[in-house]
Structure formats: structure tokens, C-alpha cells
Amino acid sequence: MKERLLTLALAIGAFVAFYAVLGPKPQGPQQQATRPTSTEGGPNGYLGMVRWLESERVPVLSLRERFPKLSDVSGLESHTGNLLISAAPHLYPVRDSEILPLHSWVQRGNTLLIVAGLSDTPDWSMEPGGDAQFIEHLQKITRMSFEQRADEDEEGDDEGAEKDDVPTAAEMLAAQTKLPEPLHFEMRPAGAHPLLEGVNKVSATSEYLTSKWDGWAKGMGALELAHDPVSGAPVLWVLSEGNGQIILSAYGSIFGNKLLGEDDNARLLANIVRWSLRGSGKVIIDDAHQGLVAFYDPDKFFGDSRLHATLWWLLGLWLVFVLGSQRLRPSQSSWNPVDITGFVRATGGFMARVMRPATVGQQMIANFFNDARKRHGLPADGSPMWDWLSAQTVVSGQDVERLQALHTKVQRGQRVNLSQLHNLLIRLRAALN
């Protein structure tokens, strides 16, 4: 009976250890910025937009696949007259294989609205793991070129000296430090356009320092619809793309939950929706590139009740097996394994019989110099570095001459004492390290 109790205690201890090592751990409270997804009710989410559109009987779909799956979205009845809203920078960057299917989808008669954190820097755009090539990917999607505007103090430099484009450590630290109070920006119409009907001012915020950007398109028209009244930088464009169009906002915060009800933000969104949808077209929120994907969801996997039931069944069967009355008897084996010393000796003897000492010596010397070449950023081709080795004061000159002599012999195919060569290389490595 005592053996059974001891076995049960050890089995429970093993299960606890297994769960502690491999089981999912509850994450501690972290102040992470909410992301612009259709299910997010936080400050940056699009849940307010979705509920507002649905209350106005505008159908809304969540895209949880990459752009090549746009034509196969469940519930999408029409392949034209749809509006795709994508916030950038993306958490999952756009791949090159997605660009052509996206453009083809727009050219069929759909609209792509990109709400990009270009001239503002929302807190969600600075989260770790974001798109490090944001500008490059934005240029591929829109086929536009972007250039950062110079500061006023740089433009007024009378001496004409070119300022170093490399930011200082203080500037880099300031750019990555969240501001105590967010910056507020505005978008003002640059002229009359159906998208700007009833729009006088659109508000945007930036939790980090930001820059203003100019944008233009080569070979195709990019109409500037709105600008920042302070800097004069354009912040809203519309581009023709076949039978469709691309709308680009340089402010990435304007349609989040916290700003959708400010000023004329909702009016601008309503104009875009009304102008873009045709027939049975729908509004599609790009959730996949912001981390809300269908191809793998760890929270849903670990929260599935079927997984928990399976684990409990396995645990019960394991306990029954462990506490069973039948003991496992050790099986007798006639196999007598060779000890490790004998294995090494046999392997070494085999290598010694099939390889010439000169060949082994060449490779030993090449490995020695390859280590040195890697440390200096040179190709690891085994070429000797005699000048470098002779210049090392920590290395004996006699050892260098001895290595040169052995190298000459092995290059000629002459037999060398591999033990002496091995000890010499060890001595040189120790001196250099």
C-alpha cells in the first residue's frame, strides 16, 4: 500500500512539473497599445467603426487572411464595389506575393483605404515586432514615392552646409520615448471633392514625435485632397487604379475609437464608404495584418474545451497505468554496447587509415586561419594570414616559423607529425585568445 501511495505522489509531482514547464502561463498585466482591429474596443480599435456602420445597415466583414484570399472572403457576394480598410504600419508586414493580387483586386472596381501612420505616430505603430520597412511597403502598395520634409531650421540654414542625416543618440531616444501628452494635428480640405463634402476639419493625435512627409506618384495621378494647415504637408490622397481607386491618409489615428467621434472624422469615413460601395459591396477590415488571423490563433486553441477534455482523459489513463497492479519486469538484452573510449578509438583508427597525414594537416591549418579570418570579417577560404600572425606580440616567433614550415610541408604533400601540429595550434589559439 505504501508503494502505491508513493507512486501516486510521484505521479502527481511529475504532472505538476510537466504543467509548470509546458503549460500556458497567465501573462501579467502589461500596458500594451491596442491595435486597429474590428474586434478591439480600446482607444485604437475599430469596434466603434464596425458597430456604427452596422447600425447604418452597412455590411462589414473581417479579413483574417492575406491579400491573395480577398476574392475568397466568406460572405463577400460581389467582387466589385467593395471597400478594404487597412491600417499601417502592419504587425504582419505585407509580402511581395500579396502586392499583385491586391492591385488586381482594386483594378476590378474596388477601393483600398490605407490609414497610415505616416505624418503621425500612434502608440500602436511603435509596438515591438512591427513593420521595420513600413515606408518601402507603403510605396509598393500605393506605387507612390515619399520624402520626409526638412525642418524649418534646416531650410533656413544660410551657410548652405549639408546637415548630417544620421540621427544622434539623443534624437533616437526622443523618437522612441512616449510623450507625456499626445500631439494634436488637423486635416483641412485642399479643395472641393465628393470625399470632403461637409468636412471642415479632421483630428489626429500622435503619442510619439513624428515628421511630415510629401508624397507623389509617377506615371499616374495622385490627387491631393487635404493638407496639414500648420506645415502645409499633404495628408490625404486619392489615386486611380484601373476601375478602382486607392485612398491614402497620412494620419493613422483618425478612425480609431477615441477619435472617430471628434470633429468631422466620422463624416470623412461616411463619405468614403458612400463613394466606394457599389451594389452588394461591403466594407472589409484588414485584421490579418494587425495580428488577428485565421490561420493560427493560440488563444482560441488553448481555450478550446475539447483540448481540456482530452488532457484530462490522458491524465486519468496515465494515473490508471501508473497505479496498476501489474509491475513492469525488466527485459534481458544480449546486446553489449561498446564503451565510449572504444568507439572513439575505432573512429580515429578508421580516419587514420583512409586520410593522408598531409591532407589532415592542411585542414587543421586551414581551420586555424578560418577562425582568424571570421573574426576579421574575411572570407573563410583557409588562406594563411602570415603578416597578421607575425604582428601579434603575444605569439612566439619560433611558433610562427614552425607553423610556416609545417604548412610548407603539407602543401607539398609531405608527411608531418600531426600530434606536434595539433599541440602547436592549441598553443597559438591560447596565446591569441
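Bear in mind these aren't lab numbers, they're just calculated from the coordinates by the rules spelled out. These numbers were taken from a predicted model, which means no experiment stands behind them. Don't worry about glycine lacking a Cβ; one is built from the backbone with ideal geometry, like all the others, and counts go over all protein chains shown.
Distance check, please: which entries in Lys140/Lys218; Lys69/Lys218; Lys374/Lys409 exceed 19 angstrom between their Cα atoms?
Numbers: Lys140/Lys218 12 Å; Lys69/Lys218 29 Å; Lys374/Lys409 25 Å.
Checking Cα-Cα distances, Lys69/Lys218; Lys374/Lys409 exceed 19 Å.
Grab the other residues whose beta carbon is less than 12 angstrom from that of Asn200, score K and R as +1, D and E as -1, and report the net. Can you show the working numbers first?
On the way: positive: Arg188, Lys201, Arg267; negative: Glu186, Glu197, Asp263, Asp264.
Neighbourhood net charge equals -1.
For a test of the definition: using alpha carbon positions, the gyration tensor, and the 1.5 limit on a/c, classify region 356-432 as rounded, prolate or oblate. Mind showing how you got there, number by number?
Working: a/c = 1.81, a/b = 1.28, b/c = 1.41.
Oblate shape, in that a/c is at least 1.5 and b/c is the bigger or equal ratio.
Each label point is 7 Å from the Cα along the Cα-to-Cβ direction; what then is the distance between the points at Thr341 and Gln107, in nm?
Simple spin-label model gives 7.5 nm for this pair.
Could you list Leu425, Leu84 so that the one with the fewest beta carbons within 10 Å of its beta carbon is first and the one with the most is last? Please list the in-between numbers first.
On the way: Leu425 17, Leu84 25.
The most exposed by this proxy come first: Leu425, Leu84.
Going by C-beta contacts inside 10 Å, put Trp213, Trp386, Trp312, Trp237 in order with the fewest on the left.
Details: Trp213 18, Trp386 13, Trp312 10, Trp237 22.
Starting with the residue having the fewest Cβ neighbours, the order is Trp312, Trp386, Trp213, Trp237.
Could you list Glu3, Glu241 in order of exposure, starting from the residue whose Cβ has the fewest other Cβ atoms within 10 Å? Intermediate results must be reported in sequence, preceding the final value.
Working: Glu3 9, Glu241 22.
Arranged by neighbour count, lowest to highest, Glu3, Glu241 become Glu3, Glu241.
Under a point spin-label approximation (7 Å from Cα along Cα-to-Cβ), what is the Leu418-Leu378 distance to one decimal in nm?
Placing both labels 7 Å along Cα→Cβ, they lie 2.7 nm apart.
Calculate the FRET efficiency for Trp312 and Lys201 from the Cβ-Cβ distance with a Förster distance of 45 Å, rounded to the nearest 0.05.
Values: r = 59 Å, r/R0 = 1.30.
The computed FRET efficiency comes out at 0.15.
Tally Lys and Arg at +1 and Asp and Glu at -1 over the other residues with C-beta under 14 Å from the C-beta of Thr111: what net charge comes out?
On the way: positive: Arg108, Arg274, Arg278, Lys282; negative: Glu241, Asp286.
Net charge in that neighbourhood comes out at +2.
Along the Cα-to-C-beta direction of Ile99, a point sits 7 Å from the Cα; which residues of region 221-252 have their amide N less than 20 Å from that point?
Only 221-222, 238-249 pass the distance filter.
Please compute the modelled spin-label separation between Asp371 and Ser305, points set 7 Å along Cα→Cβ, answer in nm with one decimal.
According to this spin-label approximation, the distance is 6.1 nm.
Rounded to whole Hz and in sequence order, give me ³J(HN,Hα) for region 261-274 from the Karplus expression 6.51 cos²θ - 1.76 cosθ + 1.60, θ = phi - 60°, writing x for Gly and Pro.
For region 261-274, the Karplus curve yields x, 8, 6, 10, 4, 5, 4, 4, 4, 4, 5, 5, 5, 5 Hz.
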